[in-house]
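The values are calculated or read from the model by the stated rules, or taken from the named source; none is laboratory data. Computed from a prediction, not measured in an experiment: that's the story for all the values here. Every residue, glycine as well, gets a Cβ built from its backbone with ideal geometry; the counts of neighbours run over all protein chains shown.
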């Protein structure tokens, strides 16, 4: 029979391989997919490329943090850089580095679990991780989008936190490391990582004071080492704060402390957290349709009633764990409870549209909650059932966990070769316009002068916020062109790439939608490429949807928005107070898409 002493040597490497292999295979399968990073992904590659040079980043990507604020820190760029450079600094190298980054989180979580010296814990943590991989999807886990980069590291953080609360103080170090990755990479993790981190330090201090902590004599040193490691990991943001006025940390504090709109509040936030406790979706729905954690708005989505049932079962199981006086389970219940409470508080501070990507980490709490409910049920059966049945229940649960782990992994391996990125439309546009643009520059079209020119790149995007334009900057840098951007784009691209028009020899403009006609009329403009992905039927459908949107907006008396449809379609779609009949039309227009063009102009040319 399997008991808590069961810990074969093959278990840890097998669990790591079973969880991480589908993500690695998905990245390798896209080796020849002609993928080009766009928008945030391109901005990430620009930062990763800068690591180790004179412009090594000190802070994260720009976010919705005031006019010039960015996410807290650069640690994800530093961790992506080695594999990225080793594999040739290509777009595929970035995907491979991303998959390796996630594999590092899997390895960390499983190694922390292995310190429990209980194979059942290792198998259970492995199942939690593979369910998260299934839920987030293989495609998203090969793209270095900063809201998605920390998702598995957050799981590693909670597993390490569980170990600390259980008295294993050396695990403060991986907990601090994982928490720093999460908090620096995407600001919504900041409150969770900080709040739980303080709780872990208090728990560790309580263990040290009691004299019963793991780690042997002088266990208090682990507290000091954890504080030292945390300080070291946050040196780059602290340097940025010291050399800039205002520094990024100051901007973050101002932004979070004084939001520019009314936050959504605790009640709505609690609903979002309960949604992500839907065990039915986590255990069944994601097996049918993997990847819907990141597609809450377009996928099947969670059911709040099922989430409430899971929450109720968790409450009962926490009481049972208390009755059993099962220290290890109580430690995990405490971590889940703390994470859930802090999650509600963190989400309650969101203002504007509560996009699902702002709370991706909530699914990790939900999966851990389902796991601890099941683990508590097995522990109760092992304690209260007759000895023979108790042993069967314990062994059966472990076998079932390993079987589920293998089945989910095999399912993911089967679909891994078909994994696709989350930005196919923008990537397709960039794939089409990039080679033609480079050929035009090399041929000296207009005022271009090949690799000898100093180019100023600007973008005017009606739909995608500059995705293709930012991607073009990244690709031109990759291919050795000397490019800079306007001051308005310095925070996104990097202030060291800001270039005034008088310092450029030519301007490259990426325009889409209604911007194309406007730039085509600018004196000296040379249209080097125009790509329209729409069929004749798509164009007819777009015109019909546009007419419907215009009529709806005119009826509402929103003529101001009609004027913006052709230049800021996405902004119109997000405007507050629009009825569904209008948003359906704008949504259809966005789904159909618009053409993209690239112009070469004199550097001083403007609209």
Which condition does residue 449 not pass, out of (1) closer than 23 Å to residue 137 by Cβ; (2) surrounded by fewer than 19 Cβ atoms within 10 Å (Cβ to Cβ), if it passes all the others? (1)
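Quick one: which residue in 138, 132 is in a loop (DSSP other than H, G, I, E, B) and within 14 Å of the chain's Cα centre (by Cα)?
Values: 132 fails: in a loop (DSSP other than H, G, I, E, B).
None of the other options fit; the residue is 138.
How many residues, within segment 506-519, are in a helix (DSSP H, G or I) and touching a strand residue (DSSP E or B) at 6+ places or on another chain (Cβ under 6 Å)? Let's see the steps before the verdict.
Initial filter on segment 506-519 (in a helix (DSSP H, G or I)): 515-519.
From what's left, touching a strand residue (DSSP E or B) at 6+ places or on another chain (Cβ under 6 Å): 515-516, 519.
Matching residues across segment 506-519 total 3.
Need at least 1 residues that are more than 26 Å from residue 131 (Cα to Cα) per element, so show me which helices (runs of 4 or more DSSP H) inside segment 10-110 make the cut, counting only ones lying wholly within it.
39-50, 75-86
Tell me the residue from 491, 463, 473, 468 that is assigned to a helix (DSSP H, G or I), touching a residue at least 60 places away in the same chain (Cβ under 8 Å), more than 20 Å from residue 91 (Cβ to Cβ) and under 27 Å from the mean Cα position of the chain (by Cα), please.
491
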Just name the residue that is nearest to residue 443 (Cα to Cα) out of those in segment 517-544 that are crowded, with 17+ Cβ neighbours inside 10 Å and under 32 Å from the mean Cα position of the chain (by Cα). 531
Among the residues of segment 346-393, count how many are buried (at least 20 other Cβ atoms within 10 Å of the Cβ) and either modelled with pLDDT under 85 or in the same structural domain as residue 573 (by TED's automatic domain parsing) (or both). 1
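So, in segment 267-294, of the ones that are part of a loop (DSSP other than H, G, I, E, B) and touching a residue at least 24 places away in the same chain (Cβ under 8 Å), which residue ends up surrounded by the fewest Cβ atoms within 10 Å (Cβ to Cβ)? Please lay out each step first, then the result.
First, the residues of segment 267-294 that are part of a loop (DSSP other than H, G, I, E, B): 276-278, 289-291.
Then keep just the ones that are touching a residue at least 24 places away in the same chain (Cβ under 8 Å); that gives 276-278, 290-291.
Working: 276: 28, 277: 29, 278: 25, 290: 22, 291: 20.
In this case the residue turns out to be 291.
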Checked against (1) outside the structural domain of residue 593 (by TED's automatic domain parsing); (2) touching a helix residue (DSSP H, G or I) at 6+ places or on another chain (Cβ under 8 Å); (3) free of Cβ contacts under 8 Å to residues at least 60 places away in the same chain, residue 400 satisfies every condition except (2)
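Answer with yes or no whether residue 263 is surrounded by fewer than 19 Cβ atoms within 10 Å (Cβ to Cβ), out of contact with any helix residue (DSSP H, G or I) (no Cβ under 9 Å at 6 or more places or on another chain) and either at negative phi or free of Cβ contacts under 8 Å to residues at least 24 places away in the same chain (or both). Lay out the reasoning, then the answer.
Numbers: surrounded by fewer than 19 Cβ atoms within 10 Å (Cβ to Cβ): yes; out of contact with any helix residue (DSSP H, G or I) (no Cβ under 9 Å at 6 or more places or on another chain): no; either at negative phi or free of Cβ contacts under 8 Å to residues at least 24 places away in the same chain (or both): yes.
Against the criterion (surrounded by fewer than 19 Cβ atoms within 10 Å (Cβ to Cβ), out of contact with any helix residue (DSSP H, G or I) (no Cβ under 9 Å at 6 or more places or on another chain) and either at negative phi or free of Cβ contacts under 8 Å to residues at least 24 places away in the same chain (or both)), residue 263 does not qualify.
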Selection from segment 427-460 of residues closer than 19 Å to residue 492 by Cβ and either in the same structural domain as residue 40 (by TED's automatic domain parsing) or outside any helix (DSSP H, G or I) (or both) yields 455, 456, 457, 458, 459, 460
Mind listing whichever residues of segment 42-80 are buried (at least 21 other Cβ atoms within 10 Å of the Cβ) and free of Cβ contacts under 8 Å to residues at least 40 places away in the same chain? 77
Residues of segment 141-170 that turn out to be surrounded by fewer than 24 Cβ atoms within 10 Å (Cβ to Cβ), farther than 14 Å from residue 328 by Cα and more than 11 Å from the chain's Cα centre (by Cα), as a count: 1
Quick check on my filter: what residues within segment 565-578 are surrounded by fewer than 17 Cβ atoms within 10 Å (Cβ to Cβ) and either under 19 Å from residue 425 (Cβ atoms) or modelled with pLDDT of 85 or more (or both)? 570, 571, 574
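crowded, with 20+ Cβ neighbours inside 10 Å and part of a loop (DSSP other than H, G, I, E, B) - does that describe any residue in segment 405-415? I'd like the intermediate steps shown before the answer.
Applying the first criterion (crowded, with 20+ Cβ neighbours inside 10 Å) to segment 405-415 yields 405, 408-409, 412.
Okay, now just the ones that are also part of a loop (DSSP other than H, G, I, E, B), so none.
Looking for residues that are crowded, with 20+ Cβ neighbours inside 10 Å and part of a loop (DSSP other than H, G, I, E, B), one finds none in segment 405-415, hence no.
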Among the residues of segment 494-505, write down those that are part of a loop (DSSP other than H, G, I, E, B) and within 27 Å of the chain's Cα centre (by Cα). 494
